[in-house]
Structures are given as C-alpha cells and as structure tokens.
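Worksheet: one structure, shown below.
The values are calculated or read from the model by the stated rules, or taken from the named source; none is laboratory data. All values reported here derive from a predicted model rather than from experimental measurement. A quick note on method: Cβ atoms are made from the backbone with ideal geometry, for glycine too, and the neighbour counts reach across all protein chains shown. Surface accessibility is based on the protein's heavy atoms, side chains included, excluding ligands, DNA and RNA. Shrake-Rupley method; radii C 1.70, N 1.55, O 1.52, S 1.80 Å.
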Amino acid sequence: MPKKPTGSKQVPTVQPSAVKPTTAPAPATVVPDVVSAAVTTPEEVKPAASTPEVAPITATSNQTSDSTSAATKSRRRTAAKSVDAPQIEIAVDVPVAIAEVAEVAEIVAPPTQEAAPALAEIIVAVESAAELMPEPALPPALEPESVGVAEPEPAQELVLEVIVEEPPPPPVPARPNLFIVHITPELAAVAKVGGLADVVFGLSRELAIRGNHVEIILPKYSSMRHDQIYAMQEVYHDLWVPWYDGAIHCTVFFGFVHDRKCFFIEPHSPDNFFNRGSIYGFKDDVLRYAFFSRAAMEFLWKSGKHPDVIHCHDWQTALVPVFLYEFYQSLGMTHPRVCLTIHNFAHQGVTGVEILHATGLHRPERFFDSTRMADNRHPRALNLLKGGIVYANFVTTVSPRYAFETKDQGQGFGLESTLHTHHIKYGGVVNGIDYDVWNPEVDHQIPTRYNIETIEGKYDNKRALRQRLMLADNDKPIVAFIGRLDPQKGLELVRHAIFYTLERGAQFVLLGSSPDERINGDFWGLKRMLNDSPDCHLEIGFDEDLSHLIYAGADMMLVPSRFEPCGLTQLIALRYGTIPVVRAIGGLADTVFDKDFSDRPLHARNGYVFQDYDNPGLESALGRAIACYRNHPDHFRELMKNAMRSDYSWNVPGQDYLNIYDYIRDV
C-alpha cells in the first residue's frame, strides 16, 4: 500500500483510465493545482529533470477536462520509468497543499494488483525526487493542521482579486486671471489719512502678484505726494461727468505708484472738489465723493473697461454699485460685479435729498424706501453706506469679530437690521500688512535691522530711540502708543496708561495727533506737564520715520480701543517683536492672544489682552506685561519670538478676497 504523504511531498495519482475503479466514479473535472499522472506510450515519454523546478501556482475555477491542457501550460512534468510497468508521465505541481492531495487520494480508486508493483516503484522514485527538492515556503494560512485524509469537497470557485490602478484625476483647471479695479479715496504713499490707504496699497499688490490685472482709481488731490508717482501722464482729456442738469469736464491721468497702476481723476469745476489743502474735513464731503464715484464709473464706461470686479471702499465710494445697477448696466456694463469693503461703520455718509438731484438718480420715492437708501435712524435722510450694502454683490469688513459685532452686538451704528437682511453676502476678512514696508529685516528707516535669529538688534534700536527722544538710558521697558488721537482709540485709557506706566517704573512714548483741536490741546497740556520727565515723551503730530523707530525700539505697544474694526498697529508691532497690550474687541481679538489666559497653544500666544473698558481692565494686562519683562525675561523673550512668527502678511487675506471674487463674478 502506498505510503502516506508527509510535509510537502507530492503523491502522484493515476488517471482512472489506467485502472478499474471499484467504488467512486472518475471525476469529471480537474481539481486546480493537484498532482496528476497520465499513462502514455513509450514514444510520448520525456526524460525527467534531475532537479525539478518550482513552477508558479496557477488557479482556475471549475475547469472541464477539455481545457486541462490550457490550464497546465506552466506545469513542470517529471517522468518516472520502470522496467516492469508501462512508462508513466507524472505531472507535479509545486507546491501543493496536503489537504488537496488527500482529497485526490480519496476520490481516486485503488490500483489493480497487476499495476501495484509498478506503482510502488513510481511512488518511491517520486518521493526521492521530492526529498531532493527544496521545500517551498507556504504562507501560514495554507499550512495544514493534520495530514489525515480529508473528505471530498466540491470544487470551490476561486475568486481572484484584480487591482486595477485608476488613472489620476484630471488636473483642476487654473482659475482665470481677473481684471480688478479698486475705486478708493485713499492710497498709501500718495494720499493717506488712515488704515484704508494701507489696505488698498497692500491688497492691490498681493492681487497683482497672483497674476491678476489690477488698477486703482482715486481723486487727483492737490495735496498728493507727486514725488511718489512715476511717469504720470494725461490719458483721457475730455471726460464729461453728468452733474445736476449739466456736466463737469474732467481730465484723467495715469501713473505708477510703487508699481501699482493708478488713474487720477481731476475735475475742472468752480466747486474745486479736490484742490484743497487736505483730503477730508469739509462740509460738502458727501457731494465731493458722490461726484468722484460718478466720475469713476463714467470713466470705466467711456474708456471701454469692463472689469470682472469693482472693489470700492467705505461710504466715500458706496454709490458705485448704485450707479452701476441704476445707470450703467442698461448701457452695456453687465459684466462687472461689486465688492464693498467697510473699514469703519462709524462713518456712513448720511445726507439729504439733494444728492439725488446732483447725481441724476432723482426719484426720491424710490431711494427713500427703507429697503434701499433710507437711513434707519432718520427716515428723511439718505445713507450712502446703506445703499452700498443693498446694491453690492458682496460686503466685507476688516475682521470676522468686527463683522459679528456690527451685525449682532450693536456696533453697526444703526445698520444692524440692514446687515441681518443681507447677511448671506456679508463677512469679515482680517487685514494684512505690507512686509516690504513693515519688516525689521529689511527696514531701512531703523538703525539696526534684525530678525528672529538676531533679535538682540532690537535693543540697539531701543538705545537709538532713547537718544532721539532724550529718554534715560536704563533697563526699564518702553511702553508706546501710535495712532490717531480719536475717541475710538480709547483716549481715556491712553491718558491713564501714561501715569500708570510711570508709577510701575517703566517709560512711555506717544506719537499721534487729532483733527479735533480740543483733543490736541489736551495732549499738549500733558506734554508740558511731563516734559521734564526722563521717562516720558509725547510727540503730538505724525512722523513716518519716527513711527518705524518706535515700533523697532519699544518693548510693548498699547492699543486700548473702545472699538476697533481691525487695527494695523498691533499687526506691525507683532512683526517687530513689540508685545501688544490690547482690549479684546474687533480685529484685536482676532489677532492677539493672551500669554496667560488664551486657550491657544503656548507657541501661538503673542500678547496681553483685557476685556473691560476701564482702568482696572487696562492695569490687569499692562501690569502683567511689565512684571513679565522684569521678573521673567526669558519668558518675555519667547513671547517676542512668538510675536515675530505670527504671519499677518497679505498672503491669506489676498486668497480670501480672490475666493469672494470667484463667488460673485460673472461666469
């Protein structure tokens, strides 16, 4: 009787045609990867290989005997020869599972007595060859638990998992470059009053860097810095702008302001709209900027410009979307969309019915409607900013927190209900700062340039600041305030901070002025009172070079605003490693995170914050900052590095505005 197989030794089987079955009929199908033997004539015998090769395993499912030759093309055939028996060719699959061999042994009938001796010799020969073969490594799942003879099982269909590598998705089409026009009353370097000028200056450059065509339209003020305009030339001579019952002749000039493409509109009118000594502060400011808005739209239409987006700013240009949809769409300007950015809700351009006659809007019954331009507090007045909100395709303000405060916390100065009505197109985008201008690493207006790796250079600037302002050179921290002396900026707390800082053994520096002579007079009185102090200097006025030196030389920057849409002071201070001490309001809350109480990670905390608008609130933050500087200088140094790591460039806001443009543009 044949010997039972062990391990991975292969046992040949004899086709049923060679022997007479006793009980089980011959199987009609071939079990995949099972050892099989076929009786052949001597002419068909092939010499056996001395060392059998390991053939790859092939699996098929429910093959018929007719397809056996195709399924066994890769099998290695080994011949065994005997002198007393016919030559038999044995096909050996390597490796093969013991369970499968057992199954074949069960279903194949035992050989006849005449064939037994020959079959015994064949088994011995095959076993000897199998012992010489290296035993193939089987995965654990295929190793049998026993070598017993298994019951026959019906052939199971083998499922082959075919992994098809999917082609990569098609590339996302690039966003088309946009034609963007900013219509603005201010632009840094040529006509600046506040942060609006810096926003237009920085945002326009960021948009241009990203491949968009950006142009800026602003009035040609007589007080402009003409030395900051390159290659200024007249480009449109006869621009007639409708005004009252006639028209005003204007000339348009073009020039580059630090690589920004700018158009300047100069009206030739006895009203002398922009030929005055300053930008704002006149009784007819509403009429002046209503005319400028109409002139800008008239220039776009007559020059054939059809921008994708017109971006206007504050109440001064809030009539631009009104003019576009009331006049110029019917004249063919159907492509442009309008984004309005509100930098400060405190100024809204509230006026009377005369503005309708001057601009040609007429129809008081239409525009005095509460859903259009009627002021929410004074129904007999028109509100230019409200008209811009109603007619613009999207409205932004300069920080998410300020957007929430103006809509839901009563800081909209009467426009809360209008913002709620149009909330779906209203949002906040934090301003950025121009790191080509406000960056201690490249700032040529400070004695020593530095970065986060060479932060010791900041103390050279601190000594230079003390020398310029004739302050005592000691180890005291310097607390600074830079900004307009406006009630919005928290002037009561600024005044208190001066004396509190001196009491705590620190130094105080102030740079700022006010258009209100009473406020200026109050701070001039403080200056005279403290003039002899070696630890205090108040500079009433504004000096651009001195502001750079204060940012670089001070240790802390105070921003105790009553309300603050965004604020650029704290953003610049962060870049220079000057720790901001701020009230948690508007954009200040979006950009400064308290060292001790913020829920942000330690490396993201960059300043000191207080909540309540009162003296104890101010002292709680300013006192902690001075104490940390004195008692934990290593902690203060890390806080300075955290501040300098903060990224408030125009990179992120620029992308935010492009997303808004894509949302509203005509496709």
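The string of couplings for region 250-256 from the Karplus curve (6.51, -1.76, 1.60, θ = phi - 60°) is 10, 10, 10, 10, 10, x, 9 Hz, one whole number per residue in order, with x for Gly and Pro. Greater than 26 Å separation of Cα atoms is the criterion. Which listed pairs, Lys220/Lys302; Lys192/Lys425; Lys489/Lys527; Lys305/Lys407; Lys261/Lys302, meet it? Listed pairs above 26 Å: Lys192/Lys425; Lys305/Lys407.
The modelled label-to-label distance between Tyr236 and Ser370, using points 7 Å beyond Cα along the C-beta direction, is 3.9 nm. Taking a ≥ b ≥ c as the square roots of the eigenvalues of the Cα gyration tensor, region 511-667 is oblate, since a/c reaches 1.5 or more and a/b is not larger than b/c. The gain in end-to-end length when the Gln329 to Lys425 segment is fully stretched comes to 32.5 nm, 0.36 nm per residue minus the alpha carbon separation. Derived scalar couplings between HN and Hα for region 646-652 equal 4, 9, 10, 6, 8, 4, 6 Hz in order, rounded to whole Hz, by the Karplus curve 6.51 cos²θ - 1.76 cosθ + 1.60 (θ = phi - 60°), x for Gly and Pro. Computed over protein heavy atoms with a 1.4 Å probe, the carbon and sulfur contribution to the accessible area of region 558-604 reaches 53%.
Under 5 Å from the amide H of Val235 lie the amide H atoms of Val252, Phe253, Phe254, each residue being 5 or more positions distant or on a separate chain, with H modelled from the backbone and absent for Pro and chain starts. Dipole check for region 473-536: with +1 at the C-beta of Lys and Arg, -1 at the C-beta of Asp and Glu, and the Cα centre as origin, the magnitude is about 100 Debye.
The stretch between Asp245 and Arg562, if pulled fully straight at 0.36 nm per residue, gains 109.7 nm over its current Cα-Cα span.
Under the classification rounded if a/c is under 1.5, otherwise prolate if a/b is larger than b/c and oblate if not, where does region 288-401 fall, given a ≥ b ≥ c as square roots of the Cα gyration tensor eigenvalues? Oblate, since a/c reaches 1.5 and b/c is not below a/b. Taking all protein chains into account, the per residue accessible area for region 255-356 stands at 33 Å² (1.4 Å probe).
Restricting the GluC sites (Glu not before Pro) of region 399-508 to loop positions (DSSP other than H, G, I, E, B) with no more than 12 neighbouring Cβ atoms within 10 Å leaves Glu453, Glu456.
For region 408-543, averaging the sequence separation of C-alpha pairs within contact (under 8 Å, six or more residues apart) and dividing by the residue count gives a relative contact order of 17 percent.
Loop-located trypsin sites (Lys or Arg not before Pro) across region 237-308 with a Cβ neighbour count of 13 or fewer within 10 Å are Lys283, with loop assigned by DSSP.
Here the Karplus relation 6.51 cos²θ - 1.76 cosθ + 1.60, evaluated at θ = phi - 60°, turns the backbone of region 610-618 into coupling constants of 10, 9, 7, 7, 7, 4, x, x, 4 Hz, with x for every Gly and Pro. The amide H of Phe508, built 1.01 Å from its N in the peptide plane, has Val479, Cys536, His537 as neighbours under 5 Å, considering only residues 5 or more places off or on other chains. Using a/c under 1.5 as the rounded threshold, could you call region 379-479 rounded, prolate or oblate? The axes a ≥ b ≥ c are square roots of the C-alpha gyration tensor eigenvalues, and prolate needs a/b larger than b/c, oblate otherwise. The shape class here is prolate. Each of Lys302 and Asp614 was given a label point 7 Å from its Cα along the Cα-to-Cβ line. The distance between the two points is 6.0 nm.
Given R₀ = 56 Å, FRET efficiency for Gln488-Ala174 by Cβ-Cβ distance, to 0.05? Computed FRET efficiency for Gln488 and Ala174: 0.85. Note on Leu602 and Arg518: the extension gain reaches 25.9 nm, defined as 0.36 nm multiplied by sequence separation minus the Cα-Cα distance.
FRET efficiency for the His226 to His378 pair, using the beta carbon distance and R₀ = 35 Å, is estimated at 0.30. Given +1 at the Cβ of Lys and Arg, -1 at the Cβ of Asp and Glu and no other charges, the dipole of region 445-584 around its Cα centre is 160 debye to the nearest 20. Under a 5 Å amide H cut-off, with hydrogens placed 1.01 Å from N, Thr397 pairs with Ile342, Gly427, Gly428, Val429 among residues at least 5 apart or on other chains.
Lys and Arg at +1, Asp and Glu at -1: add these up for the other residues within a Cβ distance under 12 Å of Gln611 and post the number.
-2
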